[in-house]
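This report concerns only the one structure given below.
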Amino acid sequence: MDFIKYSEYLLKQIRERQHALTHTLATGSAQDFAQYQRIAGEISGLNFTEQEIVNLHSRMEEIDD
């Protein structure tokens, strides 16, 4: 199914971005508190998006069964 293939690609991209941003925070590389907040907000948004895609995968698999 094309949906699964494309969404797996999106999940890979999301997880790579999450990792890069988490690394930035973990190493103290945020230039200031405003950047720290922006990065934390982006990570939160990516986490939400990732979970929604995973939930959609589950629903699509149930429909296929």
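Once Rg and the Kirkwood radius are both taken over the C-alpha atoms of the chain, their ratio Rg/Rh works out to 1.14. Taking the C-alpha atoms only, the angle from helix 2-26 to the longest principal axis of the chain is near 20 degrees.
Solvent-accessible surface of the chain, taken per residue with a 1.4 Å probe and all protein chains present: 75 Å². Considering only Ile14, Leu25, Leu56, the residue lying farthest towards the positive end of the dipole of segment 12-65 is Leu25, judged by Cα position with unit charges set on Cβ.
Counting only protein heavy atoms and a probe of 1.4 Å, the accessible surface of the chain is 55% carbon and sulfur. The modelled label-to-label distance for the pair Phe3/Leu25, using points 7 Å beyond Cα in the direction of Cβ, is 3.1 nm. A simple charge model with +1 on the Cβ of Lys and Arg, -1 on the Cβ of Asp and Glu and nothing else charged puts the dipole of the chain at about 380 debye relative to its Cα centre. Measure nothing but the geometry: give the 0 to 90° angle between the long axis through the Cα atoms of 33-64 and the longest principal axis through the Cα atoms of the chain, rounded to 10°. Approximately 10 degrees, to the nearest ten. Solvent-accessible surface (1.4 Å probe) assigned to Thr22 amounts to roughly 70 Å².
The values are calculated or read from the model by the stated rules, or taken from the named source; none is laboratory data. Predicted model, so just to flag it, every value in this text is computed and none were measured. Reconstructed Cβ throughout: ideal geometry from the backbone, glycine too, with neighbour counts over all protein chains shown. Surface accessibility is based on the protein's heavy atoms, side chains included, excluding ligands, DNA and RNA. Shrake-Rupley method; radii C 1.70, N 1.55, O 1.52, S 1.80 Å.
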